[in-house]
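The values are calculated or read from the model by the stated rules, or taken from the named source; none is laboratory data. As the structure is a computational prediction, the values presented were derived from the model and not from experiment. No Cβ is skipped: glycine too gets one built from the backbone with ideal geometry, and neighbour counts run over all protein chains shown. For the accessible areas, the whole protein counts, side chains as well, though only heavy atoms, and no ligand, DNA or RNA atoms are used. Shrake-Rupley method; radii C 1.70, N 1.55, O 1.52, S 1.80 Å.
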Amino acid sequence: MFTFKDEKPQPDPIFEYDAALHENGVPLVIDNGTYQCRAGWASSQAPNLLFKNVTAKQKGKKSQNETETLIGNDITSMEVAKWILRSQFDRNIVTLFDIQEQTFDYLFSHLGISTEGCVDHPIVLTEAVCNPNYTRQLMNELLFECYHIPQVAYGVDSLFSLYYNHPSPETADALIVDCGYQATHVVPVIGGRIYPEQCRRINIGGGYIDWFLQRILQLKYPGHVNAITINRVEEMIRDHCYMATDFLAELSLWNDNNYFEANVRKMQLPLGQQAASSLLTAEQQKERRKQQIARLQEVNTKRRLDKLQSDEAELQKLLEVQELIVTGDDDAFTSALAEVGLNRVEDLQEAVDRLSADIQRAKAKILGQEPAPIEQENKEPSFPLLDIPDEMLTPDQLAIKKRQKILKSAREGRKKALALQREKRQKEWEEEKKLEERRRVDFNGWLAEVRAKRQKILDARNARRQKKSDMTKRRTYAAQQRMRIISQLAAQPSKKGDNFGQNDADWDVYKEINREGGTSDSEAEEEKLEELETMLKEHDPEFQKDVDLGGLSGEFDVAEYYRLHLGVERIRVPELLFQPSMLGLEQAGLSETMEFILGRLPNNLQTKVVQHVFLTGGNANFFNFKERIDRELLQIRPFQSTYNIFKAGNPSLDAWNGARKFALSPFLASSSITRKDYEEMGDGYLREHVASNRYFPTPIVPLT
């Protein structure tokens with residue numbers, strides 16, 4: 001079990017500018033990395049400043065006066081939801097020099113440099129492998145024109161790391177694997193100098209590994225999307241992920257439950273608001289439950305009022321149609337009946353009775369009273385013309401007889417509906433009285449019964465939805481049963497045409513074969529469920545906890561709910577360096593790139609460079625990374641050939657250490673670009689040295 005450290009960056013101090021630094025012209029060493037910027041005096045054993053190379057502006061600030069740019073460790077949280085984060089890099093190339101200028105301002109000011117209008121120190125600055133001349137020219141312009149520095153020496157971070165770790169870097173033959181934040185480089189070095197023709201870049205780095213793990217965990221734990229922050233992801237990768245020596249073999253091991261339990265890392269998230277509620281006292285929990293019940297009752301009352309208004313409007317419309325039986329003609333009545341979606345007078349009367357009963361019940365629940373009994377007709381209506389033959393009646397009397405026939409039919413339907421409503425109402429009230437009586441006598445039994453009724457409704461709901469899902473699958477029992485009923489209906493002989501639907505039993509058949517039939521939750525069922533849950537919330541303290549945490553049944557472990565299980569992700573995420581296709585990128589991995597570069601070198605140079613395969617960069621810190629490279633080279637190299645693999649002493653910091661070592665060497669003066677060189681040579685001019693790129697003048701395109 002592990003907990004997140006959630007370490008917050010501490011703002012960088014502003015160092016005192018010692019006069020000796022200016023008098024002695026101490027070089028300033030800057031490792032301008034895509035993830036972190038490391039800067040300090042060459043006289044220091046470690047960087048004075050180390051911060052993330054990113055700037056942040058708060059969202060929603062429009063005017064210039066309101067906008068405050070934060071840099072590096074001044075940013076308390078790196079979450080994108082709060083800040084607009086920007087970096088000066090595109091991949092590993094500096095392209096946004098306004099942000100680079102802000103970074104230099106932050107850096108020089110925190111180092112305490114207070115010289116008037118200039119930074120009067122030589123600078124050793126890292127740049128990308130095969131950095132374009134145009135980018136270097138813009139960097140020269142920024143340093144010489146804005147900060148008026150005396151000289152600058154450029155070098156590649158991975159070559160500086162080799163310079164620091166190799167016993168004789170001036171004559172070294174090596175193959176550098178540089179694992180950066182935005183990209184990974186494989187760099188051959190021949191005779192102490194970079195061999196740019198065979199350098200290759202893979203557009204996968206530590207940043208992609210971070211983003212990949214964050215996305216995986218957010219999909220795995222959708223309830224904790226906001227809690228899985230990039231800072232926590234970086235912590236998990238740094239402390240718990242490792243490189244698989246044989247990815248497929250280790251992947252199969254994770255299928256074993258015993259291996260999983262022995263090697264899974266359980267990361268405990270901070271408990272949320274609902275978990276923290278368990279720390280409340282009994283009185284506070286009781287008061288909170290009362291407030292929740294009151295809110296729930298208020299919501300239910302509002303919904304009942306809305307439903308009541310809707311039912312009253314619908315009832316008024318049906319009554320207007322019913323009046324047409326007496327006042328209107330047959331065509332108007334038939335048309336109005338069709339508009340409300342009904343076919344028969346009996347259906348109209350049944351709908352009126354149903355809505356009337358629902359309105360009475362809703363008003364009673366809103367007022368907290370027992371529903372009034374359904375009204376019965378006091379006066380028995382008479383229909384005298386129905387017993388007289390038609391031939392004895394005048395045309396006007398025939399029309400009246402027809403309406404009397406309709407009214408009698410509607411009355412009979414109303415009597416039938418009243419009987420059903422009365423029987424249903426009586427049964428409901430008897431059940432409610434028994435339930436209330438049991439609550440007083442046997443509270444635990446009553447609580448179990450209410451829970452069982454609620455669960456029965458939920459199970460019926462789930463069964464309907466499962467049936468609907470099964471209907472769409474060909475080989476399920478539900479789908480096969482549906483096809484059997486359809487085939488039986490098709491095989492039945494039809495004597496008088498298609499009469500399916502005329503009988504009430506046909507509706508059950510229709511619901512059985514219709515994929516959408518009977519899958520929706522009825523209003524009565526929803527209302528009953530609300531009543532049961534309101535009772536449970538009022539009388540069962542444990543019920544609220546179950547509902548808050550997703551309606552889970554049984555004993556619930558709150559700590560487990562806030563726990564991330566880091567299993568196969570421990571090896572899957574670092575594997576991106578060797579299999580970019582896992583992220584959907586169509587490019588070679590690290591082993592294929594090394595094999596490609598070695599295949600383009602002559603045999604004698606292949607043998608030389610593999611004698612010193614050098615690993616540097618932040619991702620080289622992965623446990624087993626050196627062993628994985630060893631296994632890949634064993635498969636690449638010829639049988640019984642030799643090779644040696646070395647890892648930087650500090651893969652993340654040795655680029656700065658190497659640049660510092662170079663700044664203190666006698667090669668600094670001859671390897672630096674002065675202001676005079678900048679003004680005369682221009683065009684991204686570079687003085688080459690053991691840790692620099694090769695300089696190729698930009699070709700001049702003739703004007704036509």
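Values for this structure:
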item: Matching entry among Lys363, Lys427 (being in a helix (DSSP H, G or I), modelled with pLDDT of 75 or more and open to solvent by 90 Å² or more (accessible area, probe 1.4 Å)); result: Lys427
item: Residues satisfying the stated conditions in segment 575-591, i.e. among the polar types (S, T, N, Q) and either within 16 Å of Gly180 (Cβ to Cβ) or touching a strand residue (DSSP E or B) at 6+ places or on another chain (Cβ under 9 Å) (or both); result: Gln587
item: Residues that are open to solvent by less than 50 Å² (accessible area, probe 1.4 Å) and either among the acidic types (Asp, Glu) or touching a helix residue (DSSP H, G or I) at 6+ places or on another chain (Cβ under 7 Å) (or both), drawn from segment 1-29; result: Phe4, Pro9, Asp12, Pro27, Val29
item: Segment 675-684, residues that are buried (at least 17 other Cβ atoms within 10 Å of the Cβ) and either in contact (Cβ under 8 Å) with a residue 24 or more places away in the chain or part of a loop (DSSP other than H, G, I, E, B) (or both); result: Tyr678, Gly684
item: Residue in segment 126-148 that is open to solvent by less than 40 Å² (accessible area, probe 1.4 Å), at pLDDT 95 or above, under 15 Å from Cys37 (Cα atoms) and not small (Gly, Ala, Ser) present; result: yes
item: Filtered residues of segment 96-121 (kept if free of Cβ contacts under 8 Å to residues at least 60 places away in the same chain and over 26 Å from Arg86 (Cα atoms)); result: Glu116, Gly117, Cys118
item: Any hit, segment 154-166, residues being at pLDDT 95 or above and β-branched (Val, Ile, Thr); result: yes
item: Selected residue (only one of Ser356, Ser382, Ser335 is surrounded by fewer than 14 Cβ atoms within 10 Å (Cβ to Cβ), at pLDDT 75 or above and among the hydroxyl-bearing types (Ser, Thr, Tyr)); result: Ser335
item: Top-ranked residue of segment 577-632 - restricted to ones that are of a type in the set (Ser, Thr, Tyr) and without any contact (Cβ under 8 Å) to a residue 40 or more places away in the chain, ranked as surrounded by the most Cβ atoms within 10 Å (Cβ to Cβ); result: Thr607
item: Residue among Ser77, Ser158 that is under 30 Å from the mean Cα position of the chain (by Cα), of a type in the set (S, T, N, Q), under 25 Å from Gly206 (Cα atoms) and open to solvent by less than 30 Å² (accessible area, probe 1.4 Å); result: Ser77
item: Test result for Lys676, of a type in the set (D, E, K, R), at pLDDT below 95 and farther than 30 Å from Glu235 by Cβ; result: yes
item: Test for Asp306: is it surrounded by fewer than 12 Cβ atoms within 10 Å (Cβ to Cβ), at pLDDT 70 or above and assigned to a helix (DSSP H, G or I); result: yes
item: In segment 559-576, the residues that are open to solvent by 30 Å² or more (accessible area, probe 1.4 Å) and basic (Lys, Arg); result: Arg563, Arg572
item: Tabulated pairs, segment 164-182, first among the acidic types (Asp, Glu), second open to solvent by less than 20 Å² (accessible area, probe 1.4 Å), C-beta under 6 angstrom, 6+ apart or interchain; result: Glu170/Gly192; Asp173/Val609; Asp178/Ser158; Asp178/His185; Asp178/Thr616; Asp178/Gly617
item: Residue that is within 18 Å of Leu175 (Cβ to Cβ), β-branched (Val, Ile, Thr) and over 45 Å from the mean Cα position of the chain (by Cα), where the choices are Val613, Val701, Val609, Val690; result: Val690
item: Residue selected from segment 118-160 under the condition assigned to a helix (DSSP H, G or I) and among the hydrophobic types (A, V, I, L, M, F, W, C), by the criterion farthest from His185 (Cα to Cα); result: Cys146
item: Total residues in segment 231-240, condition touching a residue at least 40 places away in the same chain (Cβ under 8 Å) and open to solvent by less than 10 Å² (accessible area, probe 1.4 Å); result: 1
item: Single condition Leu107 does not satisfy, out of (1) surrounded by 21 or more Cβ atoms within 10 Å (Cβ to Cβ); (2) more than 36 Å from the chain's Cα centre (by Cα); result: (2)
item: Tabulated pairs, segment 5-16, first closer than 15 Å to Asp105 by Cα, second charged (D, E, K, R), C-beta under 8 angstrom, 6+ apart or interchain; result: Asp12/Asp74
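Conditions (1) open to solvent by 10 Å² or more (accessible area, probe 1.4 Å); (2) of a type outside the set (Ser, Thr, Tyr); (3) out of contact with any strand residue (DSSP E or B) (no Cβ under 9 Å at 6 or more places or on another chain); (4) at pLDDT 95 or above, marked per residue:
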site: Arg193; (1), (2), (3), (4): yes, yes, yes, yes
site: Ile209; (1), (2), (3), (4): no, yes, yes, yes
site: Ala244; (1), (2), (3), (4): no, yes, yes, yes
site: Ala262; (1), (2), (3), (4): yes, yes, yes, no
